[in-house]
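> One structure, pasted below without further comment.
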Amino acid sequence: MSGRTLSFLVLVAAVCGARVPTNSSNYTFPDGFKFGVATASYQVEGAWNKDGKGHSIWDYQTHNETYLIADGSNGDDACDSYHMLEKDVALLKNLGVDFYRFSFSWSRLLPSGHINAVNNAGIDYYNGLIDALLREGIEPLATIYHWDLPQQLQDLGGWPNPVLADYFEDYARLLFENFGDRIKMWITFNEPSVFTNGYESNINHAPSIEAPGFGKYLASHTVLKAHAQAYHLYNNMFRETQKGNVGITLTIDWCEPKEETEHHLAACERFQQFEMGLYGNPIFSEEGDYPEIVKTRVDNISEAQGFRRSRLPKFTQDEIEYIRGTADFFGLNHYTTQLGTPSTVIDSQPSYRNDIGIHTEYDESWPESASSWLRDVPWGFRKILVSLKQRYGNPPIIITENGFSDREGHEDDSRIHYHIGYLTELLKALHEDGVNVFGYTAWSLMDNFEWNQGYTERFGLHYVNFTDPERPRTIKKSGKIFKEIVATREIPERFRK
Ligand code: NOJ
């Protein structure tokens, strides 16, 4: 963790983390705790080719590989937030949230991905959004990269090409220069463990490159360097004047051993270290670098498969030092829990999944959502928070996403059940376990384009009618409850157990 100036927000968090619990406080959020909601550019903006925007890998995938999208849809118009930012800000104001997490579209700002041609209409759009938020007293929390890589950079090989770290730094500099006077919380990357799957298999996630056992590691290697370059750039050039914070958002499910054996425990530990440690260890651990277990597994399996060198690239000692400590806060996306069983057969075909050596499943008693991967398992949230505290020395954590999907409707009781359960567990982690969590973001402000699932899965606190060109948004029952929690800063009594 960087010892540099932490913002008021983070300092408050540190203090809150140390609070002595009382029973009445168990359902109450501490002073300074922040609430927000999130979206991402490709999922909501639409206007995919308006005002000089370039094409991203998601424009490419949805237009050229339609069969990869559940309903054959795309984000061409999505929620049309590009044209409706005032409406979105009005929704946020009504919810009463402290901050709005949104992402910048790289190809809207730099149509080719490169810094030599800036699209001023893109700069204007984000200035308009940021200023509208600030006018309403809503803090902007900006994600620099939420999966929509400019297609021209993919044509150079995408994230497995190390040169992208430099191009990402150029892009980050543009954002710091243009928006850093008003944005004080930056997230470099959203969920690297997920979007790098786009270089592992061709079944989901653009750019759908099939390079199992190689592509994901190569992409991750560049992403870690890119993150660190952006962080150091901010430190060296902007921190003193802009006084903001830079972090990264990692996602992780809790892995519950299916049986109480040493092997099951070890399998779940491997799962956590591959899925999160691959990114968390280089940045947040004291020693830096990839976790030992990840290095040993991939090195040994690569050798057994007949490769002369490991499929996992190596950092030099200088790189390890350069990446270590490059975050002022830990952004956590958490959704669900899986049951883990070891799977020890080493496949002759390289694959990331095989490197982990685990089989995961869901307990059938856990309430289902509309997403095959998402069940309502609140207790896993507390477990993952406690494990992060233990693993990385209790860093300041902000929950940058947590949410639940359904298919239709405003009477979304299952979403209410989910958020109440998860918020209650968060409070236990905060008050009883001393986890230093200082904010919570619900995914999502409104229904939007859910990547390969198109519009078939809805995550919003607001309902969006996608068949109406005006894209009307209406608050759902869950949105009203969320609003009540934000206003009262506690779990309403009728939901307490
Ligand atoms: C995580 C991603 O960041 C977001 O884009 C996605 O919509 C949600 N999870 C739900 O799958």
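> Quick check on the chain: take the gyration tensor over C-alpha atoms, sort the square-rooted eigenvalues as a ≥ b ≥ c, and tell me if it's rounded (a/c under 1.5), prolate or oblate. Before the final figure, lay out the partial values.
Numbers: a/c = 1.26, a/b = 1.08, b/c = 1.17.
Since a/c stays below 1.5, the shape of the chain is classed as rounded.
> Work through the residues other than residue 59 whose Cβ is under 15 Å from its Cβ and net out their charges, Lys, Arg +1 and Asp, Glu -1.
-4
> Please report the antiparallel percentage of the DSSP beta bridges confined to region 26-161, to the nearest 5.
10
> Give the percent of DSSP beta bridges with both residues in the chain that are antiparallel, rounded to the nearest 5.
Of the beta bridges lying entirely in the chain, close to 25 percent run antiparallel.
> Note down the nm distance, to one decimal, between modelled labels 7 Å out along Cα→Cβ at residue 26 and at residue 240.
Result for the modelled spin labels: 5.0 nm.
> Hey, another quick one. Explain nothing, just compute: Karplus ³J(HN,Hα) = 6.51 cos²θ - 1.76 cosθ + 1.60, θ = phi - 60°, for every residue of region 326-338 in order, whole Hz, x for Gly and Pro.
Result, rounded to whole Hz: 8, 7, 8, 7, 9, x, 10, 9, 9, 10, 7, 10, 10.
> Can you give the extra length, in nm with one decimal, that the chain gains between residue 49 and residue 64 once fully stretched, where that is 0.36 nm per residue apart less the Cα-Cα distance?
Taking 0.36 nm per residue and subtracting the Cα distance, the gain is 3.9 nm.
> Of the heavy-atom accessible surface of region 224-359 (probe 1.4 angstrom), what whole percent is carbon and sulfur?
Of the solvent-accessible surface of region 224-359, carbon and sulfur hold 49 percent.
> Using only alpha carbon pairs under 8 Å that are at least six residues apart, calculate the relative contact order of the chain and give it in whole percent.
19
> Suppose each label sits 7 Å from its Cα in the direction of the beta carbon; what would the residue 116-residue 163 distance come out to in nanometres?
In this crude label model, residue 116 to residue 163 measures out at 1.2 nm.
> Using r as the Cβ-Cβ distance of residue 413 and residue 316, and R0 as 51 Å, what FRET efficiency do you calculate, to the nearest 0.05?
So, using R0 = 51 Å, E works out to roughly 0.45.
> From the Cα gyration tensor of region 300-418, with a ≥ b ≥ c the square roots of its eigenvalues, which class applies: rounded if a/c is under 1.5, or else prolate if a/b is larger than b/c, or else oblate?
Details: a/c = 2.62, a/b = 1.40, b/c = 1.86.
Cα axes put region 300-418 in the oblate bin.
> With respect to the cross-link table entries 225/477; 243/483; 428/483; 295/497, which display a Cα-Cα separation exceeding 32 Å? Mind dumping the intermediate values first?
Numbers: 225/477 43 Å; 243/483 30 Å; 428/483 21 Å; 295/497 44 Å.
Cα-Cα > 32 Å for 225/477; 295/497; rest within.
The values are calculated or read from the model by the stated rules, or taken from the named source; none is laboratory data. None of the values given here were measured: they were computed from a predicted structure. Cβ sites come from the backbone with ideal geometry, for glycine too, and all protein chains shown count toward neighbours. Areas reflect the complete protein model, heavy atoms only, side chains present, ligands, DNA and RNA absent. Shrake-Rupley method; radii C 1.70, N 1.55, O 1.52, S 1.80 Å.
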